[in-house]
Each structure stands twice: as structure tokens, then as C-alpha cells.
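What follows draws every value from the coordinates through simple rules; no lab data is involved. Source: prediction; values computed, not measured. Neighbour counts are summed over all protein chains in view; Cβ atoms, including those assigned to glycine, are modelled from backbone coordinates with ideal geometry.
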Amino acid sequence: MSDALRLLASYEVDVQFPDVSGFEILEMLDIRSRIAACENDLNDEQRARLEAADDRLLRSAPAFFQSVAAIADLPEMRRRSRTPCSYWWWYLERLAEREPVQT
Amino acid sequence: MPFAEKFTAAACAILALRSRLRWKPGSELRHLLKRKSKEHLPPEATVVDYRSLIRRVLVGPENLVYYYPFREQDYYAVAGEPEGAQGARWLVMFRPDGILETVFPPTDVSDYVRQHCFLLLGRMREVMNE
């Protein structure tokens, strides 16, 4: 199994557990960043899986944010690690406030 | 609290956990389910297996003990490779009151603790004076 696929499988599980410790949410966000770094290695089917997992993260953003806010200050973390603004998953506090999109 | 007192607080919490592993209510089974879902533990693993792994991390003399402060709450973590974990390094994270926060093997423990600014207190044998 490639690194990209292993990371994707891990991320798919992570997005199902918004209410475990915020420390695991940080690991999930790290994993999503690693996927972004090797996203070109994913085929179409795997990209669709990634989109589905991202969608689940977005839908549960308030719960994920609640977990992570208990143990970390996301804006401070982004500043410290110079997180690219394209890494939208590190902006949970903003995603948690957005209106759900009707599709 | 001065930094030296963090050693004492960590040691007390580790002793408490060695005597009895305590989780927030309802949290142990949820964590076990996630560990199995992520294939960190085999599908047949039980709460007893999970507890055994945690205890093995909490006694390894060379395991590293970290401190993570956030606002008014302190957290401690022990990083180590328990026997039989097939090379995986696990993090056992807990509060000073001896309540487990989470137990999992990050993709890369060294990266994880560095990136998230955990402070190294020392090796288990140093922190516990054993």
C-alpha cells in the first residue's frame, strides 16, 4: 500500500470520530496535511474517497473544533507553523461557524 | 507552578495510573473502537489488551515523559514502544489527576511532539526516580 493510500485510509477513519481527544484531532489534521503533500499520487477513485472524507469533516466541523479547542489554540498553531492558507482543514474554528451548504 | 514541580505532578499521575487506569466516563470503549478501526490494535483486541498495552508504556524506564500546558490545564504524555507493539511508538496522554486523555500511536511520535510543542521532562526512570 502506498503512503498516500495508507494516509487516506487513516484519515477516513479519523473523520468518523469527532468526539475523541483533541490530541487525536491534531494528528488527523497533520495526516490531512500529509495527504495534501502527496495528493498527486491518488487516482480518481481515491480522490473521490478523499472528497467524501473531507465532506464528513466539514459536516462535523463544530464537533471537531470543540474537541481541539479544549487542548490547543488553532490560530496560534497556524501562526507558529506557518500553515499555508490553502490548508483549509486547519481553520476549524471558522468552518465550525459556517452555515451548512444545502446540496 | 515551577518546572521542577511538573516532575512531581507527572510522577504522581503516573503512579496513580499504574495502580488504576481511569478514563473519562464512557471514553475507554470509544477509544478502543477507534484503535481497532485504525488497525492500531487487532479486531479481536479487548479492553484488557488495551489496558495491558497502556501499562507497558507506563513502566518502560527509557520511555520519554512530556509536559503539555494549555491555558489552565496541564497534560502529560509518555512515549514508548511497548513490547509486542511491532515497532509502533505509542503516546499515553493524561491529566495530573490521573485521568487518561487518549492513548494512540501517532504516525511519527517525534514529529508530533515537536510540532505541537510538547516539553520534554526526561526519561521515565528520571521522572520516577526509579
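Each other residue within a Cβ distance under 11 Å of residue B:104 adds +1 if Lys or Arg and -1 if Asp or Glu, for a net charge of 0. Looking at region A:19-103, the GluC sites (Glu not before Pro) that sit in a DSSP loop and have at most 14 other Cβ atoms within 10 Å of their own Cβ are A:97. Here the residues A:38, A:85, ranked from fewest to most Cβ neighbours within 10 Å of their Cβ, fall in the order A:85, A:38. Looking at chain B as a GNM with Cα springs under 10 Å, which of B:59, B:48, B:109 has the largest mean-square fluctuation? Greatest mean-square fluctuation among the candidates belongs to B:48.
Summing Lys and Arg as +1 and Asp and Glu as -1 over all other residues whose Cβ lies under 12 Å from the Cβ of residue B:66 gives a net charge of +2.
Convex hull of alpha carbon positions in region B:1-41: directionally averaged projected area 4.2 nm².
Here B:36, B:24 are placed in order of increasing Cβ neighbour count within 10 Å, fewest first, which gives B:24, B:36.
Rounded to the nearest 20, the Cβ-based charge dipole of chain B about its Cα centre (Lys and Arg +1, Asp and Glu -1) stands at 320 debye.
Compute the relative contact order of chain B as a whole-number percentage, counting only Cα pairs closer than 8 Å that sit 6 or more residues apart in sequence.
Contact order relative to length: 28 percent.
Sorted ascending by nearby beta carbons within 10 Å, beginning with the fewest, B:8, A:83 become B:8, A:83.
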